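Structure, as structure tokens:
The values are calculated or read from the model by the stated rules, or taken from the named source; none is laboratory data. No experiment lies behind these values; they were computed from the predicted model shown. Don't worry about glycine lacking a Cβ; one is built from the backbone with ideal geometry, like all the others, and counts go over all protein chains shown.
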Ligand SMILES: C[S@@+](CC[C@H](N)C(=O)[O-])C[C@H]1O[C@@H](n2cnc3c(N)ncnc32)[C@H](O)[C@@H]1O
């Protein structure tokens, strides 16, 4: 059984406000005590890995205050109770996730990585298949409103691949709000900052000032609601050949990164690829993957047992982890 990353929530009690002012009196300028802020951020980190510190405190307080006001809940402790064990705890958790996640994305983001998938990884994997041909499975983990998985389908089609036959795309996110936008497939101008006019004309339709993805692309992406820390939900997705998890783990603490990377490793077929955002790395996180140079990008790969590992990065990652854990490399 796959190990879950979800951590039990601390049972420390909520600190009372030192100034004696009721939480509702000063909304929307609600201020959390240090203890309240820590309790809340511990809870969120334990459930979905999102890590908030002092730098994000103002933003978290503001958003939380708005939700508490909107839901007409009298105090922060009442709100935390509702989140942890209220009758609609899951629904409320979904709301807070929608409020706190960063969902920035756009079509053809970090294009060279997507090109590496459709021009190198998929053709290479298909060429190794014997007579029984199966589509290469690609998982966009943390897909936000769908621009990333749809970009893979479009670029695959442009590269002469046939979605459904050569590859399939699964896409997941923890935020129900962005998933419903993805399923609708209607986009604003900001999503097209890296899209050229010809692609836009070919794969999108403009109507009444709205830009809608064409059904020929849309039907090739299966969207599922998944918290990457929830092993039982993740296990519903089958084994993958390629995992794209870009600009997601930057918001996680180290413990969560390690746990999610272990899950990705188990989920990938040996020889499968993991692509992170360009600003993200596995240094100090795990040495389970090897670094592979493709002609247009550097990607992580789950090693094939018995195959020699020659990348110097692996030794570097292992010694970085040992040092971080206070062990001798
Ligand atoms: C900045 S977006 C990245 C979107 C896309 N991958 C890209 O690079 O353009 C990060 C996404 O990760 C999702 N996310 C954050 N924590 C998650 C978790 N524990 N499980 C699943 N998705 C999560 C957020 O909801 C958000 O939509």
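Some notes on this structure:
- Top-ranked residue in the stretch 246-256 [being more than 11 Å from the ligand (Cβ to nearest atom) and assigned to a helix (DSSP H, G or I); ranked as surrounded by the fewest Cβ atoms within 10 Å (Cβ to Cβ)]: 254
- Of all residues in the stretch 92-113, exactly one satisfies the criterion of being in a loop (DSSP other than H, G, I, E, B), out of contact with any helix residue (DSSP H, G or I) (no Cβ under 7 Å at 6 or more places or on another chain) and surrounded by fewer than 16 Cβ atoms within 10 Å (Cβ to Cβ), namely 104.
- Filter result for residue 283 (modelled with pLDDT of 95 or more and touching a helix residue (DSSP H, G or I) at 6+ places or on another chain (Cβ under 6 Å)): no
- Any chance residue 60 is within 11 Å of the ligand (Cβ to nearest atom), surrounded by 14 or more Cβ atoms within 10 Å (Cβ to Cβ) and part of a helix (DSSP H, G or I): no
- Evaluation of residue 213 against the conditions (1) more than 14 Å from the ligand (Cβ to nearest atom); (2) more than 20 Å from the chain's Cα centre (by Cα); (3) surrounded by fewer than 22 Cβ atoms within 10 Å (Cβ to Cβ) shows that the sole unmet condition is (3).
- The stretch 70-91, residues that are farther than 17 Å from residue 42 by Cβ, assigned to a helix (DSSP H, G or I) and away from the ligand (no atom under 16 Å from the Cβ): 70, 78, 91
- Residue 192 vs. criteria within 17 Å of the chain's Cα centre (by Cα) and either in contact (Cβ under 8 Å) with a residue 12 or more places away in the chain or within 16 Å of the ligand (Cβ to nearest atom) (or both): no
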